[in-house]
Amino acid sequence: MRDSLGSRVLKVNHAGENGAVNIYAGQAVVARFTAPSLVTELTEFRSHEESHRQIFWREMQARQTRRCRSYFLCGIGGYILGVVTALLGRSAIAATTVAVERVVLGHLERQLSELREVDQEAVTAIQAIIADERRHHDVSASKLPTDRFWLRLLSPVVASSTEAVIWIGMHV
Ligand SMILES: [Fe+2]
Ligand SMILES: [Fe+2]
């Protein structure tokens with residue numbers, strides 16, 4: 001039987017959080033050399049993402065849902081994205097966070113409105129993480145220089161990769 005919408009959302013979000021954990025993990029390693037002032041914050045963001053991943057996993061276990069097929073791909077892809085963007089330095093790290101979290105926030109809002117009448121447990125899990133994601137977005141947005149043209153290229157690339165991963169997660 002096909003999973004319910006709520007269960008599919010939980011699976012995709014759980015895989016996405018694994019991606020997020022790994023983006024920040026990859027960035028934190030490289031930032032030691034390219035942007036040392038960001039390491040503490042990246043490590044803190046990573047621990048938020050770990051607790052988000054745990055929130056979705058707990059709810060998945062309660063309903064005996066398996067991990068998304070995209071789970072490991074998200075992890076590896078996230079790590080690579082984290083390493084590559086951190087090699088480009090501080091601004092690229094901030095731009096990546098802003099792009100990823102903006103896409104994520106859009107999806108979370110949409111999920112909430114679709115699930116509101118349908119799946120209260122999934123709604124509760126999503127609501128538990130939204131404030132953190134918004135803070136990750138806002139803190140990074142405040143660090144983003146507006147004068148680097150190449151950053152304007154990076155953001156849509158990161159945003160559309162994030163969209164693609166979510167789409168694949170919902171459809172495979
Ligand atoms: Fe998260
Ligand atoms: Fe986040």
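Nothing in this text is a laboratory measurement; each read-out follows from the coordinates by a stated rule. Because the structure is a prediction, the values reported are computed rather than measured. Cβ: placed from backbone, ideal geometry, glycine included. Neighbour counts: every protein chain shown.
At R0 = 25 Å, how high is the FRET efficiency between Ser51 and Leu153 if r is their beta carbon distance? Nearest 0.05 is fine. Taking R0 as 25 Å, the efficiency between Ser51 and Leu153 is 0.15. Which percent of the Cα-Cα distances in segment 117-171 go past 15 Å? Looking at segment 117-171, the distances longer than 15 Å represent 70 percent of pairs. Counting every other Cβ atom within 10 Å of each residue's Cβ, Asp147, Asp3 order from fewest to most as Asp147, Asp3. Summing +1 for each Lys or Arg and -1 for each Asp or Glu, what net charge is found among the other residues whose Cβ lies under 14 Å from the Cβ of Leu112? Result for the local shell: -3.
Cα centroids of segment 76-113 and segment 1-72: 12 Å apart.
Would you please state which residues of segment 82-126 a label at Arg32 would reach in this model, taking the label point 7 Å out along Cα→Cβ and a backbone N cut-off of under 16 Å? Under cut-off, by backbone N: 83-84, 86-87.
The length gained by stretching the chain between Leu112 and Thr43 to full extension, at 0.36 nm per residue less their Cα-Cα distance, is 22.0 nm.
For segment 1-110, treating each Cα as an identical point scatterer without solvent, what Debye log10 I(q)/I(0) comes out at q = 0.14, 0.16, 0.22 1/Å? Debye output, listed in q order: -0.55, -0.70, -1.13.
Between Val29, Val39, Ala15, the Cα set farthest toward the positive side of the dipole of segment 1-62 (charges on each charged residue's Cβ, about the Cα centre) is that of Ala15.
Extension gain, Arg2 to Asp132: 0.36 nm times the residue separation minus the Cα-Cα distance gives 43.7 nm. Per-residue Karplus couplings for segment 82-87, computed as 6.51 cos²θ - 1.76 cosθ + 1.60 with θ equal to phi - 60°, are listed in order as x, 5, 4, 5, 5, 4 Hz, Gly and Pro entered as x.
In whole percent, what relative contact order does the chain give with Cα contacts below 8 Å and a gap of six or more residues? Averaging sequence separation for qualifying contacts and normalising by length gives 31 percent for the chain.
Residue separation of Trp167 and Arg66 scaled by 0.36 nm, minus their Cα-Cα distance, works out to 34.6 nm of gained length. Sorted from greatest to least, the principal axis extents spanned by the alpha carbons of segment 54-96 come out as 42, 18, 11 Å.
Packing around the peptides 115-126, 9-20, taken as the average count of other Cβ atoms within 10 Å per residue, puts them in this order, highest first: 9-20, 115-126.
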